[in-house]
Amino acid sequence: MIKYLSALFCIFISVYCQANVIRGRVTDEKDNPLPFATIFIKGTTTGTTTNAAGQYHLELTPGQYTVVCQYIGFRRTELPVNVNAATQTLDFRLQPVNMQIREVVVKAGGEDPAYAIIRQAIKKRHFYQEQVKEYTCMSYIKGTIGMKNVPGKFFGQKVDKADMGVDSTGKGMIFLSESMTKISARLPDKIKLEVISSRKSGGGFGLSFPAIISFYDNNVSAVITQMGPRGYISPIAENALAYYKYRLEGEFVEDGKTVNKIKVIPRRKQEPLFSGYIFITDGDWRIHSADLLLTSEYQLELMDSLEIRQTHVPVTGDVWRVKDQVMQISFSKFGFRMGGSFVNVYSDYDVHPNFPPKFFDNIFLKYDTAYDKQQHAYWDSVRPVPLEPDEVKDYREKDSIAKAARDSAFSRYRLDSLQHKQKPVTVMNVLWSGVSRKYYFRRDSAIENHTLNIRGLAKSLKYNTVEGLALALEPELLINTGEETSLRITPFIRYGLSNTHLNAYTEINFRNDSRIRKRYGHNDWTLAGGKRVSQFNQDNPIDNIANEFYTLLLKENYMKIYENWFAKLRYSRTFQTNDQLSVGVNYESRIPVENTTDFVFFRNDKKMFTPNHPYEMANVPFEKHQALVVDVNFTFQPGQQFVELPDRKIPFGSKYPTFRIGYSKGIPDIANSIVDFDKWSFSVQDNMNFKLLGEFRYHVGVGGFLNDRNVQIPDYQHFNGNQTFYNLKYLNSFQLAPYYRYSTTAAFYTTVNAEHHFNGLLTNKIPLFNRLKWNLVAGANAFYVNSDNNYMEVFGGIENILKMIRVDVVAGYQSKEDTRIGVRVGFGGILGNVVKFKTN
């Protein structure tokens, strides 16, 4: 079978290599190149796009053709050509369009003629949006990102320009990729992408996801959600007249059609709006082309600007589709300056594909088995946009470096160079930043490594009123045991200088990939045992850093702990669907401990430390005992979409909520265990993006005890309170609630956490706020056990401060207590929502 496929591939390449080539340049009347101009064969969607130097090439079989060249703002030009030689030159020199201004009398208080055109386009928007019910096409994508400047230092750390792939002046290409992808789509929301080939300079995954942008949609996404979580309002959206002003710049005739050039002007800054030009044909009121810009003044995040240029051409008699699309980005912050372009060329449209039943399944993106195996001859034959000299150089140099690295992968020199390349360990590494060492070795066809990480000793220090200052050593050894297996060994050692207790245990985690009925997934086995310190609430509601701050500076010992000898075994299976099943058994010999120190930095005789036993549960005894607990948890999210690689499927996401079911059983009379309970829980959570109206997030849970014959404090249902100034557990905590006051063994409880992120809605109309791009967030948290045990809090805040900080003002209500008001600081915003912070 492989031989046949190889033969077919060779035939495929040879056919393309025999095709005749038309080459040329597209320039203006002053011989300046016109980058990303559209070239296509009249009456078809076969075509290409010029590169940044205005060069193009087009492969055709012998015959008579009419080649069309068009560029926004220039007169469309058609040239006949008789393709009868291996290589022919056909240059285009385009003339600016002669704009004619209609003789329209605008009376005082009247409106520009553009408004009438836009109203007609808005009326036809829905028709064109749904005109093509389903289609297929091919998409060529080329993406480049280049650095124009790199600072010498970033946040005090020296920037290694060589590692970034730039020269000593900070200039160079850091990303170059191209791919061929087949797009299949059906209204309203079905899409399947099949990556035929993909290539990245230096190796790895290229950019294979076409940026499908339709200005017929009311709300236009800007490539990724982080660049604009609310999306952007189309210039011909249903309500566009409330957001834009328009001016008719003129009109011109092209191929018998009158085309109106309309300037799009945002009415207000700090709204998610475009500026630039949209060209609308007269009579049928369709989009002819567009040149629209997003900037940071109009709610573009992360980037300084994003320009989107599209050209639409006829596919059939009355159907027009996007022929090419160019996106250009720019970024300039912290001394870094970069720019990039992403060119999409669409061809071979079929607007009557007649998909077979069940064609659109849960595979969203599929890679061909040979997507990364094509040679240079293949790319030279299918690439519609000629490479530029610096792109050719980048491919040649980085591919050569990658090949040399592969060829030398097994050499002793290669191993020794990797080993010696590591920076030497310094005193600051040991004391603060930590130590990380890799140990390289050869296995099969690659160089692999084991890794030793040791957390900085100063960062490992802990302080609480039970242990006093606790010295800790926290190493981690990652052992690469095979292509699809890994072993992590993590010892934890800590010694309390005040109570003189030594606690030490080791956790071993083994992961292996496996398939069940040909479905990919992975298994995790965790074995741990020894002596440790644990919080009574095993969700760890307060971290070490916060506890140390409040204990040493404010004389508040919120963390309540106990010691335990323990043994734990847990198995979890993560399925191909990203659903997860876990089963664990945990045995503890629990030992109560008491405060042994009252040291603080600032003496305060008006305050006293509370006992280590949770003071809210003073009437619940906690004595030395043994506990054997078995738990089972299952997390699932229906409707999962997948990226299919040649050897496996990777979950991509789902539009449905995530559900979690849990059950814990306290087993008495085995190994002196005294606990006896049955505890269940069920929860659902989701993030719902309403675009212009913001994003709504919620977490709803229910649970309770079917049996509570013997429940010890660590096994209670604890609600994650928070008495510190900051919060990291949004949607899983109650920002002003005490840690243990509401803990329960009731037969039923329910919790609700909900918050709405406005993402610029409302604040974009408030001076200063709109420039800083601070966004509103509001919500409520509540739980209910019974009429005597319930709690509710409401909050409002500002997030996206410095792109990652969030500040809330919270009011907490309990029927038998006064209202509590507090301020909480956490992470939230464009970066704060995606970055994970380790605080322990």
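Largest first and in whole Å, give the semi-axes of the chain's equivalent ellipsoid, each being the square root of 5 times a Cα gyration tensor eigenvalue.
Details: eigenvalues 658, 233, 136 Å².
After scaling each eigenvalue by five and taking roots: 57, 34, 26 Å.
Give the lysines whose C-alpha is closer than 18 Å to that of Lys393, dropping any in the same chain fewer than 8 places away, or say none.
Partners found: Lys142, Lys148, Lys171, Lys200, Lys403.
In whole percent, what relative contact order does the chain give with Cα contacts below 8 Å and a gap of six or more residues? Present the calculation step by step, with values, prior to reporting the outcome.
Working: 1982 pairs, mean separation 60.8, N = 840.
7 percent.
Using only the Cα atoms of the stretch 114-384, build the gyration tensor, take square roots of its eigenvalues as a ≥ b ≥ c, and label the shape rounded, prolate or oblate: rounded if a/c is under 1.5, else prolate if a/b is larger than b/c, else oblate.
Numbers: a/c = 2.02, a/b = 1.21, b/c = 1.67.
Verdict is oblate for the stretch 114-384.
Taking the square root of 5 times each eigenvalue of the Cα gyration tensor, what semi-axes in Å does the equivalent ellipsoid of the stretch 698-785 have, largest first? Working shown, then result.
On the way: eigenvalues 262, 36, 11 Å².
Listed largest to smallest, the semi-axes of the stretch 698-785 are 36, 13, 7 Å.
Using a 10 Å cut-off around each Cβ, can you sort Val629, Val322 from fewest to most neighbouring Cβ atoms? Walk me through the numbers before you get to the answer.
Values: Val629 21, Val322 24.
Ascending Cβ contact count within 10 Å gives the list Val629, Val322.
Between Thr506, Asn149, Leu207, whose Cα lies farthest towards the positive end of the dipole of the chain when Lys and Arg beta carbons carry +1 and Asp and Glu beta carbons carry -1, centred on the Cα centre?
About the Cα centre, the residue reaching furthest to the positive side is Asn149.
With Cβ to Cβ distances under 11 Å as the rule, what net charge do the other residues near Lys773 carry (K, R +1; D, E -1)? Walk me through the intermediate numbers first.
Values: positive: Arg771, Lys803; negative: Glu297, Glu301, Glu799.
Spelling it out: positives minus negatives among the neighbours equals -1.
How much net charge surrounds Phe175 when only the other residues with a Cβ under 13 Å from the Cβ of Phe175 are counted, with Lys and Arg +1 and Asp and Glu -1? The partial results should precede the final answer.
Working: positive: Lys142, Arg199, Lys200, Lys398; negative: Glu178, Asp390, Glu391, Asp394.
That sum, taken over residues with Cβ under 13 Å, equals 0.
Output wanted: per-residue J couplings in Hz (rounded whole) for the stretch 349-358, from phi through Karplus 6.51 cos²θ - 1.76 cosθ + 1.60, θ = phi - 60°, x for Gly and Pro.
5, 10, 8, 9, x, 6, 4, x, x, 6
Give me the Debye-computed log₁₀ of I(q)/I(0) at q = 0.11, 0.14, 0.15 Å⁻¹ for the stretch 17-93, equal point scatterers on Cα only, no solvent, two decimals.
-0.24, -0.40, -0.46
Loop only per DSSP, at most 15 neighbouring Cβ atoms within 10 Å: give me the chymotrypsin sites (Phe, Trp or Tyr not before Pro) in the stretch 132-169, ordered by residue number. If you can, show how the numbers build up before the last one.
Numbers: sites: Tyr135, Tyr140, Phe154, Phe155; in loops: Phe155.
When the chymotrypsin sites (Phe, Trp or Tyr not before Pro) of the stretch 132-169 are filtered for loop state and at most 15 Cβ neighbours within 10 Å, Phe155 remain.
Taking the radius of gyration and the Kirkwood hydrodynamic radius from Cα positions alone, what is the Rg/Rh ratio for the stretch 753-840, to two decimal places? Intermediate results must be reported in sequence, preceding the final value.
Working: Rg = 15.2 Å, Rh = 14.3 Å.
Reported Rg/Rh (Cα atoms, Kirkwood Rh): 1.07.
Just to confirm the filter: which trypsin sites (Lys or Arg not before Pro) across the stretch 614-670 are DSSP coil and have at most 13 other Cβ within 10 angstrom of their Cβ? Display every interim value, and only then the final one.
Working: sites: Lys624, Arg648, Lys649, Lys655, Arg660, Lys665; in loops: Lys624, Arg648, Lys655.
When the trypsin sites (Lys or Arg not before Pro) of the stretch 614-670 are filtered for loop state and at most 13 Cβ neighbours within 10 Å, Lys624, Lys655 remain.
Dipole size in debye (nearest 20) for the stretch 527-638 around its Cα centre, Lys and Arg Cβ +1, Asp and Glu Cβ -1? Before the final figure, lay out each step's value.
Details: 12 positive and 13 negative charges, 39 e Å.
The dipole of the stretch 527-638 has a size of about 180 debye.
I'd like to compare 227-240, 482-495, 576-589: which one has the highest average count of other Cβ atoms within 10 Å, and what's the full order after that?
Ranking, from highest mean packing down: 227-240, 576-589, 482-495.
Of Lys560/Lys624; Lys42/Lys190; Lys182/Lys655; Lys323/Lys398; Lys398/Lys421, which pairs sit farther than 22 Å apart, going by alpha carbon to alpha carbon? Could you put the intermediate results ahead of the total?
Details: Lys560/Lys624 16 Å; Lys42/Lys190 30 Å; Lys182/Lys655 24 Å; Lys323/Lys398 31 Å; Lys398/Lys421 20 Å.
From Lys560/Lys624; Lys42/Lys190; Lys182/Lys655; Lys323/Lys398; Lys398/Lys421, over 22 Å: Lys42/Lys190; Lys182/Lys655; Lys323/Lys398.
Just going by the charge dipole of the chain, with Lys and Arg at +1 and Asp and Glu at -1 on Cβ, which of Gln712, Gly694, Pro266 is farthest out on the positive end?
So the residue we want is Pro266.
Roughly how far apart, in whole Å, are the Cα centres of the stretch 470-486 and the stretch 542-585?
19 Å
Show that you can apply the helix-only estimate: for the chain, add -39,500 (n - 2.57) for every DSSP H stretch of four or more residues, divide by all residues, and state [θ] at 222 nm to the nearest 500. It would help to have the intermediate numbers written out before the result.
Values: 9 runs with 91 residues, N = 840.
That comes out to -3000 deg cm²/dmol.
Determine the sum of side-chain charges near Ala811: Lys and Arg each +1, Asp and Glu each -1, restricted to other residues whose C-beta is under 13 angstrom from that of Ala811.
On the way: positive: Arg820, Arg824; negative: Glu793, Asp808, Glu817, Asp818.
Counting the neighbours of Ala811, the net charge comes to -2.
Treating cross-link reach as a plain straight distance, find the aspartates and glutamates whose alpha-carbon is under 19 Å from the alpha-carbon of Lys459, omitting any fewer than eight places away in the same chain.
Glu467, Glu474, Glu476, Asp543, Glu548
Need one number: % antiparallel among DSSP beta bridges in the stretch 17-93, to the nearest 5. Write down the numbers at each step before the final one.
Numbers: 21 of 26 bridges.
The answer is about 80 percent antiparallel.
What's the magnitude of the charge dipole for the stretch 114-384 around its Cα centre, counting Lys and Arg as +1 and Asp and Glu as -1 at the beta-carbon? Answer in Debye, nearest 20. Walk me through the numbers before you get to the answer.
On the way: 36 positive and 30 negative charges, 130 e Å.
Charge dipole, the stretch 114-384, about its Cα centre: 620 debye, nearest 20.
So if I take the centroid of the Cα atoms in the stretch 735-789 and the same for the stretch 177-211, what is the distance between those two points in Å?
So the two Cα centres are separated by 40 Å.
I need the P(r) histogram for the stretch 596-655: all alpha carbon pairs, bin width 10 Å from 0 out to the longest distance, whole percents.
Bins of 10 Å from zero give 13, 19, 16, 13, 19, 17, 3 percent of pairs.
Using the Karplus curve 6.51 cos²θ - 1.76 cosθ + 1.60 with θ = phi - 60°, what ³J(HN,Hα) values do you get for each residue of the stretch 283-294, in whole Hz, with x for Gly and Pro?
Karplus-based 3J(HN,Hα) across the stretch 283-294 equals x, 9, 6, 9, 6, 8, 6, 8, 9, 10, 10, 10 Hz.
If you take every DSSP beta bridge whose two residues both sit in the chain, what share of them, in percent to the nearest 5, is antiparallel?
Values: 275 of 289 bridges.
Restricted to the chain, the bridges split so that about 95 percent are antiparallel.
Calculate the dipole size of the chain relative to its Cα centre from +1 charges on Lys and Arg beta carbons and -1 charges on Asp and Glu beta carbons; express the result in debye to the nearest 20.
Working: 102 positive and 86 negative charges, 186 e Å.
It comes to approximately 900 debye.
Taking the alpha-carbon distance from Lys568 and a cut-off under 18 Å, which lysines remain once sequence neighbours fewer than 8 residues away in the same chain are dropped?
Lys531, Lys665
Could you tell me which residue out of Met559, Asn786, Leu802 lies farthest along the dipole of the chain toward its positive end? Charges go on the beta carbon: Lys and Arg +1, Asp and Glu -1, centred on the Cα centre.
Leu802
Coordinate-derived values only; no laboratory data. Keep in mind that this is a model prediction, so the values were computed, not measured. Here Cβ is always computed from backbone atoms with ideal geometry, including for glycine, and neighbour counts include all displayed protein chains.
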